[in-house]
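Accompanying notes for the structure given below.
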Amino acid sequence: MLEKFERFNETVSGWAQSIAFGAVLFMVALTCIDVLGAKVFRLPVPGSLDMMMLAQLIAICFAGAMTLIRDRHVSVEFFVMLLPRRAQALIDCVVQLLCLCLFVLIVWRLFDHGYHLQTGGEQTPTIQVPVAPFSYAAALATVPVCLVLAQQLLGSIIRVVRNEP
């Protein structure tokens, strides 16, 4: 059952990663067009900073789950490595649980923040793009992170119960 959940998480995270990659490509193209327009034609892209800000949000949030799956986040384990295997597994469970709680809280607060941005009519300063949809998108992009953390927590619990390394 855990393998099916893992495959589901990889599929969803792969789609999210594709969106993040698209946002990065958009940032590269926007930067090139903006620099060429400003230097060659003395005509920069209006609102490029606003668009770059929103694209960065999309790129970072949508890449989080696959980064977690591929174990690309920074972690410091020099103290934990000195402990016995069982203690390492227990600490891993606690850390996974705390991370899951944190990201569930982040999803909730991003939806709440999006609601307040929406009701307040918040927009980007230069080109007046509504910001609320991007907060909602960031919240939705964080849901796969929660799923991956739940999967890793379940795996950690199974390792503790089975006394596996």
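So the values come out like this:
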read-out: Heavy atoms of Phe21: accessible area, 1.4 Å probe, square angstrom to 10; value: 130
read-out: Charge-dipole axis of the range 37-154 as Lys and Arg at +1 and Asp and Glu at -1 on Cβ define it, positive-most pick from Phe103, Pro144, Leu43; value: Leu43
read-out: Heavy-atom accessible area order for Arg86, Arg42, largest first, 1.4 Å probe; value: Arg42, Arg86
read-out: Point-to-point label distance, Cys32-Val104, nm (Cα→Cβ direction, 7 Å offset); value: 4.5
read-out: Using alpha-carbon coordinates, inclination of helix 48-69 to the longest axis of the chain, degrees; value: 20
read-out: Model label zone, Val129; criterion: amide N under 15 Å from point 7 Å along Cα-to-beta-carbon; scope the range 29-50; value: 29-34, 45-50
read-out: Per residue accessible area in Å² of the chain, where ligands, DNA and RNA are left out and the probe is 1.4 Å; value: 66
read-out: Solvent exposure, largest accessible area first (probe 1.4 Å, DNA, RNA and ligands not counted), of Ser13, Ser18; value: Ser18, Ser13
read-out: Karplus-derived 3J(HN,Hα), 6.51/-1.76/1.60, for each residue of the range 152-160, Hz, glycine and proline x; value: 5, 5, 4, x, 5, 5, 4, 5, 5
read-out: Surface share of carbon and sulfur [accessible, 1.4 angstrom probe, percent] for the range 67-117; value: 70
read-out: Simple Cβ-charge dipole of the range 1-98, Lys/Arg +1 and Asp/Glu -1, about Cα centre, in debye nearest 20; value: 120
read-out: Anisotropy class of the range 17-138 from Cα gyration tensor, a/c 1.5 cut; value: oblate
read-out: Positive minus negative residues near Leu54 (Lys, Arg vs Asp, Glu; Cβ under 15 Å); value: -3
read-out: Accessible area (Å², 1.4 Å probe, nearest 10) - Val129; value: 40
read-out: Exposure ranking of Asp71, Asp92 by accessible area [1.4 Å probe, largest first]; value: Asp71, Asp92
read-out: Estimated inter-spin distance, Glu3 and Val74, nm [label 7 Å along Cα→Cβ]; value: 3.7
read-out: Debye, to nearest 20: dipole size of the chain, +1 on Lys, Arg Cβ, -1 on Asp, Glu Cβ; value: 260
read-out: Pairwise centroid distance, computed over Cα atoms, of the range 127-165 with the range 65-103, Å; value: 14
read-out: Residue-wise HN-Hα coupling along the range 108-119, computed from phi with Karplus coefficients 6.51, -1.76, 1.60 (Hz; x: Gly, Pro); value: 4, 5, 5, 5, 5, 4, x, 4, 5, 5, 5, 5
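The values are calculated or read from the model by the stated rules, or taken from the named source; none is laboratory data. These numbers come from a predicted model, not from an experiment. Note: ideal-geometry Cβ built from the backbone for every residue, glycine included; neighbour counts use all protein chains shown. Keep in mind that these areas ignore ligands, DNA and RNA; they rest on the heavy atoms of the full protein, side chains included. Shrake-Rupley method; radii C 1.70, N 1.55, O 1.52, S 1.80 Å.
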